[in-house]
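In what follows, a structure is listed as structure tokens, so that the remarks can point back to it.
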Amino acid sequence: QTRSLLGVFEEDAAAISNYINQLFQAMHRIYDAQNELSAATHLTSKLLKEYEKQRFPLGGDDEVMTSTLQQFAKVIDELSSCHAVLSTQLADAMMFPITQFKERDLKEILTLKEVFQIASNDHDAAITRYSRLSKRRENEKIKAEVTEDVYTSRKKQHQTMMHYFCALNTLQYKKKIALLEPLLGYMQAQISFFKMGSENLTEQLEEFLNNIGTSVQNVRREMDCEVENMQQTIEDLEVASDPLYLPDPDPTKFPVHRNLTRKAGYLNARNKTGLVSSSWERQFYFTQGGNLMSQARGDVAGGLVMDIDNCSVMAVDCEDRRYCFQITSFDGKKSSILQAESKKDYEEWICTINNISKQIYLSENPEEIAARVNQSALEAVTPSPSFQQRHESLRPSVQSRPPAARTSSTGSLGSDSAALSALSLDSLVAPDTPIQFDIISPVSEDLPGQPKSSGQSGRRTNPFGESGGSKSETEDSILHQLFIVRFLGSMEVKSDESPDVVYETMRQILAARAIHNVFRMTESHLLVTCDCLKLIDPQTQVTRLRFPLPSVVLCATHQENKRLFGFVLRTSGGRVESRQTSICYIFESNNEGEKICDSVGLAKQIAFHAELDRKASEKQKEIERVKEKQQKELNKQKQIEKDLEEQSRLIAASSRSNQSGGEGQFVVLSSSQSEDSDLGEDGKKKRESE
């Protein structure tokens, strides 16, 4: 019965332990949540106090909001103090009693149970040894020891059992205390917390909260009104922007702006990945002063791509893509190929970079100056109706105009150029002269009315650098200098005596390009030698044009844009046959044009000195020929004298001979007559004089 009853008590103790553990975890969650709430409330109050120290990019100094949040921070700080007090009360009145019951009383039951089990096992072992005592061999010492063990184990078991049973009985009372005391402490702590809250939440605070609620409602109404206006704006913008959704909008509805000095937008940049392979990357590009910047998606700032002051920009054919253009730095060491999304962006980017390269952006009103430059170009150049129809869109002609003060070129910042001192404009450029923007290759057809000049009689060279059995015409040249140039245009001029003709030709060609949207330029290699100037295709090494150096009579650089240069070629033939004509060719280089002009001048000087040396050599050869002829005459005269002396000796010998009287004289005279017949007229005269 005792063992059975003990089993019931032990089962009850295990159930109490399991239930108390669950209740302890729930109360501990309440305690942890209260601590977290207290810490979060305190952090909220702290952040509200630090609002006035924040610097929001879109928020100004709102004193009303700052004071309101300070008031909230004060109230929430008081609530945080109340929560801290509640956390302390929960720790003392709720968590401490249930923790003591769990850690002390329940563990005591488990310990006593283990001790009782050990004592019972010891008692059973002692009884077993005592039962094994033999009745035959009486050993008082062993019997006494076994009896003592039985006595000790029974006493220990009895004492342990009584303490264990007492603890089990007491547990029934402690269970009630452990359940009620924490709940009582929890309720008392909450009542105390609510009392403190009611003391802090006064009528003045309630009025403050009502005012804040009214303000929130007003802000909400303003927000709803603003959202409605924004929705209407969005609908209007969607309707107005519908044509812009096309990648290439209609140019008649969206004209090209050519007066821009700033531009931004997405472009595709070409990156070389190998010798013949390349990839395209889309990035956001924008101009900043005289720099071209790019910014990849996700970057916080843009990076420098190229310095576009004094740079050159031209349209290029790149792979199978449209709207590509190339920007080359002023020193020619860096270039970048970009692709625009539409034709409008393509032309605007080229115009903008052109304007920036001329440093128009440094002036006070850059867009006005750019517009003035373009307006000057409009007034300066009009298309020629008499030019061939197939070239009228790309090759405008220049009408005759009375001389006046005009801009020197599109590269000037809108300033008026000085009047031409020596020649008028009409005396420099022939009226109704077509402008040629493309290089005519050697296999192209000659234009009607424009006979092929010596400067256009180019020949194709071996692209592999071999001469094919004939010696290259520039192989023996002392000077070989190669420059990268881009052909802007050429036209016939009336004069080739003043650099002003080059300046005026530059102005008209640049103005015509700006007016007729001709951005494409042919890049070539200009080879300067002592014999000629050659334009060579950089890809195929084909000689596009050849200019004999003696025909280049004038070379000059632009007064402001030093990368522009031109030279005048004097050729035979033209519109009027049987007369010499002058054609001015204009180029843009990566380097300074003065270097190219100096190289041409050096080549002409070397050619001039070579010509002087040639003439001196020919004169020396002529003198040597005269001397050689005189020497031959002198030798011939000496031979005649020698022959005469020999004849004289023969005559003397024949006169002394008695045997050959008349017969010897006849022989001598016959021989003399024979010699006279051989000498000719000059010899006879000399013989007679002798």
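Against the criterion of solvent-accessible heavy-atom surface with a 1.4 angstrom probe, Tyr31, Tyr19, Tyr173 sort, most first, into Tyr173, Tyr19, Tyr31.
Please give the peptides 233-244, 184-195 ranked by average Cβ packing (other Cβ atoms within 10 Å per residue), highest first, as a rough proxy for protection.
184-195, 233-244
Under the classification rounded if a/c is under 1.5, otherwise prolate if a/b is larger than b/c and oblate if not, where does region 75-144 fall, given a ≥ b ≥ c as square roots of the Cα gyration tensor eigenvalues? It comes out prolate by the Cα gyration axes. These residues, Phe72, Phe325, go from largest to smallest accessible area, 1.4 Å probe, as Phe72, Phe325. Using a/c under 1.5 as the rounded threshold, could you call region 480-609 rounded, prolate or oblate? The axes a ≥ b ≥ c are square roots of the C-alpha gyration tensor eigenvalues, and prolate needs a/b larger than b/c, oblate otherwise. Rounded is the answer for region 480-609, as its axis ratio a/c remains below 1.5.
Distance between the 7 Å Cα→Cβ label points at Arg132 and Asn18: 4.1 nm. Once both labels are positioned 7 Å from their Cα atoms along Cα-to-Cβ, the gap between Ser198 and Asp248 label points is 8.1 nm.
Per residue, the solvent-accessible area of region 212-368 (1.4 Å probe, heavy atoms of protein chains only, all protein chains present) comes to 62 Å². Rounded to the nearest 20 debye, the dipole magnitude of region 1-201 is 1440 debye, with +1 charges on Lys and Arg beta carbons, -1 on Asp and Glu beta carbons, and the Cα centre as origin.
Work out, step by step, the length gained on full extension between Leu209 and Lys49: first 0.36 nm times the residue separation, then minus their alpha carbon distance; give nm to one decimal.
Here the segment from Leu209 to Lys49 would lengthen by 55.8 nm.
Note on Met95: accessible area approximately 10 square angstrom, rounded to 10, probe 1.4 Å, nucleic acids and ligands left out. Label point of Leu58 set 7 angstrom out along Cα-Cβ; within region 217-252, amide nitrogens under 14 Å from it belong to 223, 226-227, 230. Taken as Cα centroids, region 580-631 and region 499-576 sit 21 Å apart, rounded to the nearest whole angstrom. Each part reduced to its alpha carbon centroid, region 53-124 and region 256-276 end up 64 Å apart.
Seen from Gln630, the other residues with C-beta closer than 14 Å to its C-beta sum to a net charge of +2, counting Lys and Arg as +1 and Asp and Glu as -1. Ile651 contributes about 80 Å² of solvent-accessible surface, heavy atoms of the protein only, 1.4 Å probe. Rounded if a/c is under 1.5, else prolate if a/b is larger than b/c, else oblate: which is region 108-262, with a ≥ b ≥ c the root eigenvalues of its Cα gyration tensor? Here region 108-262 falls in the oblate category. Among the listed pairs Lys102/Lys174; Lys263/Lys343; Lys113/Lys156; Lys113/Lys176; Lys334/Lys534; Lys344/Lys562, those with a Cα-Cα distance over 18 Å are Lys113/Lys176; Lys334/Lys534; Lys344/Lys562. Computed over region 264-363, the alpha-carbon pair-distance distribution with 5 angstrom bins reads 3, 13, 23, 27, 20, 11, 3, 1, 0, each value a whole percent.
With a cut-off of at most 16 other beta carbons within 10 Å, and DSSP calling the residue loop, which trypsin sites (Lys or Arg not before Pro) in region 60-159 qualify? Please list them.
Loop-located and lightly packed - Arg132, Lys135, Arg136, Arg137.
Of Ser45, Leu110, Thr88, whose Cα points farthest to the positive end of the dipole of region 34-171 (charges on the beta-carbon: +1 Lys, Arg; -1 Asp, Glu; origin at the Cα centre)? Highest projection toward the positive end goes to Leu110.
Per-residue accessible area (protein heavy atoms, 1.4 Å probe) orders Val501, Val85 as Val85, Val501, starting from the largest.
The values are calculated or read from the model by the stated rules, or taken from the named source; none is laboratory data. For clarity, every value in this text was computed on a predicted model and none was experimentally measured. With ideal geometry, Cβ positions are generated from the backbone for all residues, glycine too; neighbour counts draw on all protein chains shown. Ligands, DNA and RNA are stripped out before the accessible areas are found, and what is left, the full protein with its side chains, is counted by its heavy atoms. Shrake-Rupley method; radii C 1.70, N 1.55, O 1.52, S 1.80 Å.
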